[in-house]
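What follows is a single structure, written as structure tokens, with notes after it.
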Amino acid sequence: KKTARGRAGAAGPATAPQADLVLLAEKSMTLGPVTSLSSLVSGDVHRVVVGAGAEVTVEQWHGGKLTQVGFHHAHMMVQSITIFKTFFLLSDAYDSLFFLVWRESDKSLTLLAKDYEPTQVFASGLISRGGAMSFVCHDERQNLKFLQYSPNDPAARGGNKLVCRADFHIGSQTTSLTSHWCQSSLLFNSCTMTSTLAALKQQDTLFGRLEDDNRFAVNYGTSDGSFASVVPLSEPTYWRLTALQSVMSNALESNAALSHRAWRLFRRSTRRSACKDNDRNWGVVVGDVVMKYGTRTPQAGGAGGPGELDRVDCHFDYGQLAGALVRRVCHMRF
């Protein structure tokens, strides 16, 4: 059963203001247990989005009760619903991700694209840089997949398939992927943020307009007590750090002869003949491996050998590299 609650103000002593929650109405959901509640704002109208069983319903408060004005039927069971503007990211507990849009003209939820791989989704979130947005999901085999809605991509099957851009094995389970704005450290560490922003814009007219100034990352905690963040990078920075990561993976000593790279490869699932294409998309820079470049010993060997690291030294300045990575660490405000 889903309960709609409203807020009412209660008169009380001036020194001890008080506010109570009053039950206004309730509505039985016969479609299944309610697993997700979200708010949809379209124009000046606020609505409630309910995920119950395999059904997504859009409810509107009218005449003292909740009235259904739209719906979408998922495949198995709604795990979570993430809304940005009028777009929906729907995660199915047994059938991956769905990307939908709410159309106010006919009050309908329209499916734009979905992931056709049958994946058990534990958590989902959003990550973006500039105007490019991707969807992140965590599955039962402890992987992270990065999907993108790209209608013009040949791999999108005419636009109705979410294209996998990267995948990564984290080796732990998580149940929440939270998006946050990657705020500039120049603003975050300032006591007068408004005046600092105005001064920075006077010095650089493009400050705040570049893609790196408009980034949303995701952070997550795992069941084994670790905490991590995934931050989008620019194309030149990504390829530069990927080259360094490749060399460091060969040069670093491995525990029990285990490969640094193989540990992070996507773990495929055999469920319902999943992953038929058998493709793996790397696309992720491991911060732990890259940062060890500055703490390595002069005789660091391994498969790459010291000579290969010496050649890397000619192209990388660790001070600049560390500074670039520190600037890309997201300062989170809760």
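The values are calculated or read from the model by the stated rules, or taken from the named source; none is laboratory data. These figures come from a predicted structure and were not determined experimentally. Glycine gets a Cβ as well: all are built from the backbone with ideal geometry, and neighbour counts include every protein chain shown. Surface areas here come from the heavy atoms of the whole protein model, side chains and all, with no ligands, DNA or RNA. Shrake-Rupley method; radii C 1.70, N 1.55, O 1.52, S 1.80 Å.
Brief remarks follow.
- D106 paired with N214, simple spin-label distance in nm, labels 7 Å along Cα-to-beta-carbon: 3.1 nm
- Were the residues from T222 through R261 laid out at 0.36 nm apart, the gain over their Cα-Cα distance would be 12.0 nm.
- In terms of the mean number of neighbouring beta-carbon atoms within 10 Å, the peptides 191-198, 87-94 order highest first as 87-94, 191-198.
- Using the Cβ-Cβ distance between H46 and S229 with R0 set to 30 Å, the FRET efficiency works out to roughly 0.45.
- The distance between label points at W61 and T295 comes to 5.2 nm (points 7 Å beyond Cα on the Cα→Cβ vector).
- Calculated FRET value between Q173 and F207, using beta carbons and R₀ = 51 Å, to 0.05: 0.80
- Within the accessible surface of region 130-273, defined with a 1.4 Å probe on protein heavy atoms only, the carbon and sulfur portion equals 53 percent.
- Karplus 3J(HN,Hα) series, Hz, for region 105-115 with 6.51 cos²θ - 1.76 cosθ + 1.60 (x for Gly, Pro): 4, 10, 6, 9, 9, 10, 6, 8, 6, 8, 8
- Residues in region 47-77 reached by a label modelled at V22 [backbone nitrogen below 17 Å; 7 Å Cα→Cβ]: 62-66
- Between region 66-142 and region 27-51, the alpha-carbon center distance in angstrom: 14 Å
- Sites W181 and E253 - FRET efficiency at Förster radius 25 Å, r taken between beta-carbons, to 0.05: 0.10
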